[in-house]
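> Sharing a structure below in C-alpha cells format, with a few things to ask.
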Amino acid sequence: MSGTLARALRRLLALELGFYLLVGAWLVGAQGCDAGHVVLLAVGCALIVRIGFGLATYALAWWWRSAVPPAFRVGPFALIRHGVAELAAFVATFAVLQPFERAWMGAAGSAPQPDARLPVLLVHGYVCNRAVWRPRVRALSARGETVCAISFEPVYGAIDLWVPQLAACIDELLATTSRERVVLVTHSMGGLAARAYLRAHGGAKVARVITLGAPHHGSLHAHLGAGENARQMEPGSPWLTAHVAAERGGVAAPLVSIYSHHDDFVAPQASAAHPHARNVALAGVGHLTMLFSRPVRELLLQEIDAANAAR
C-alpha cells in the first residue's frame, strides 16, 4: 500500500512541531523566556491536546454506555490506570508507530515457518495502518508463528473496498506457506472487514476470526467520524443491517469477539458482542490498549492455539 495515512500523520506531526518551534523561538527571543521552560510548555501543550481528545472520547463513551455487569465493574483507581494506559496507547499509536510505519514494520510480516501451524493475518481498524500491530507481530514471531500484517486503503472508503485486498492477502499468504486456512486477527473496524470477507467469499480459507474491540453492531462514535466507512459503522446503518440479515444462520467461520466493557471508542460497549461468536468480555481495558495489553495478548495466543488444535 502507498502509506497515505503514514504520510498524513507525519505532516501533522511536522506542523505541530513547527508551530511549537515558532512559538518557542518567539518566547525565547522576544520575551526572554528560559528555553527549558519553553520546552516543558511545548510538551505540556502536546499532552493537553491528546488528553483533551481522550477525555472527549471517554465522555461520549460514558454518555452512550451500555450497562456494566457487576462482575466487570472496577473502582476509581483502576479507571485512572485504565485512562493513563489508553492515553499512552493513543500516543504510541498515532505519534510513534503509524507515522513511521515502514521503519517499524519493514516487511509485511515474519518469514514462513517450517511447522504446520496456521498462518496469522492481522487486520487493522479505522484510520490505522499495519504499524499498530508492531507489538503483536513481535510476540507472535517470537513464538514461531507465521504472521503477516499489511495496510488497507482507502482510509475513509467503504469497508467493502477492503474485501478484495483482504482476499488477495489471504490467497498470497496461503500460497507462500502452503497452508489451506489462515487465522484472522482483527482490531476495531477490521472485524467488520473480516465479516464482509466471509459474506463475500465464505469461510473455506479461514480457520478462525478473532476480533478485538470490533463494533459488530456499530458505535455511536461513528457519527463523528469521516468517510463512508464511518457511516457504515453507525448503529442501524443499511450496511450493518444487511450483514445482520445475512448472518441469521451463523457466520461462515468460527468467530471469537474479545471486547471491553470500558471501551472508549465502541459505545454502547455491548455492541462488540456478536450473537454467533464466542464472546470474551474484559474490564478496565481501553480500545487502543487492546493492541498493547498483556492479558489481551495471552487471550489472543490461547485463541490461536485453539484454532490450530481444532483444525
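The values are calculated or read from the model by the stated rules, or taken from the named source; none is laboratory data. Note that the structure is a prediction, hence the values are computed from the model and not measured. Glycine gets a Cβ as well: all are built from the backbone with ideal geometry, and neighbour counts include every protein chain shown. Just the protein is used for accessible areas: all its heavy atoms, side chains included, with ligands, DNA and RNA removed. Shrake-Rupley method; radii C 1.70, N 1.55, O 1.52, S 1.80 Å.
> In debye to the nearest 20, how big a dipole does region 1-88 give about its Cα centre with +1 on each Lys and Arg Cβ and -1 on each Asp and Glu Cβ?
In total the dipole reaches around 340 debye.
> Cut-off 14 Å, label point 7 angstrom out along Cα-to-Cβ of VAL68: give me the residues of region 256-296 whose amide nitrogen falls inside.
Counting backbone N atoms under 14 Å from the label point, the list is 260-265, 269-270, 282-287.
> Another one. Can you divide the C-alpha Rg of region 10-137 by 2.2 N^0.38 Å and report the result to two decimal places?
Compared with the compact-globule rule of thumb, region 10-137 sits at 1.45.
> Run through all the Cα pairs of the chain and give the fraction in each 20 Å bin from 0, expressed as whole percent.
32, 56, 11, 1
> Is the shape of region 112-245 best called rounded, prolate or oblate, per the rule: a/c under 1.5 gives rounded, else a/b larger than b/c gives prolate, else oblate, with a ≥ b ≥ c the square roots of the Cα gyration tensor eigenvalues?
Taking the square roots of the gyration eigenvalues as a ≥ b ≥ c, region 112-245 is prolate.
> Oh, and also: Put +1 on the Cβ of each Lys and Arg and -1 on the Cβ of each Asp and Glu in the chain; which of VAL39, PHE152, ASN229 then has its Cα farthest toward the positive end of the dipole?
My answer, from the dipole projection, is PHE152.
> Between 0 and 90 degrees, rounded to the nearest ten: what's the tilt of helix 76-91 against the longest Cα principal axis of the chain?
That helix lies at roughly 90 degrees to the long axis.
> Share of the chain's accessible area from carbon and sulfur, percent, 1.4 Å?
Exposed carbon and sulfur together represent 66 percent of the surface.
> While we're looking at this one, here's another question. So between ALA245 and ALA310, what do we pick up on full extension, going 0.36 nm a residue minus the alpha carbon distance?
Stretched out fully, the ALA245 to ALA310 stretch lengthens by 20.6 nm.
> Using the charge dipole of region 229-311 (Lys, Arg: +1 at Cβ; Asp, Glu: -1 at Cβ; taken about the Cα centre), state which of VAL285, HIS261, GLN302 has its Cα farthest towards the positive end.
Towards the positive end, the residue furthest out is GLN302.
> Go through LEU140, PHE77, VAL163 and say which Cα lies farthest out towards the positive end of the charge dipole of the chain; charges sit on Cβ, +1 for Lys and Arg, -1 for Asp and Glu.
Highest projection toward the positive end goes to LEU140.
> Between PHE53 and ALA8, how many nm apart are label points set 7 Å from Cα along the C-beta direction?
Placing both labels 7 Å along Cα→Cβ, they lie 1.2 nm apart.
> Oh, and also: Pull out a ≥ b ≥ c, the square roots of the eigenvalues of the alpha-carbon gyration tensor of region 224-311, then state rounded if a/c is under 1.5, prolate if not and a/b is larger than b/c, and oblate in the remaining case.
Oblate, because a/c is 1.5 or more while a/b does not exceed b/c.
> Report GLU228's accessible area, 1.4 Å probe, all protein chains in place, as a number in Å² to the nearest 10.
Looks like 100 Å² after rounding.
> Still on this structure: Given Cβ point charges of +1 (Lys, Arg) and -1 (Asp, Glu) and nothing else, what value in debye, to the nearest 20, does the dipole of the chain about its Cα centre take?
400
> Do the sum for the chain: with -39,500 (n - 2.57) for every DSSP H run of n ≥ 4, divided by all residues, what is the mean residue ellipticity at 222 nm, to the nearest 500 deg cm²/dmol?
Value at 222 nm, helices only, nearest 500: -15000 deg cm²/dmol.
> With a probe of 1.4 Å, find how much accessible area the chain has per residue, and write the answer as a whole number in Å².
46
> What are the semi-axes of the equivalent ellipsoid for region 162-311, taken as the square roots of 5 times the Cα gyration tensor eigenvalues, largest first, in whole Å?
Gyration-tensor ellipsoid for region 162-311: 23, 19, 14 Å.
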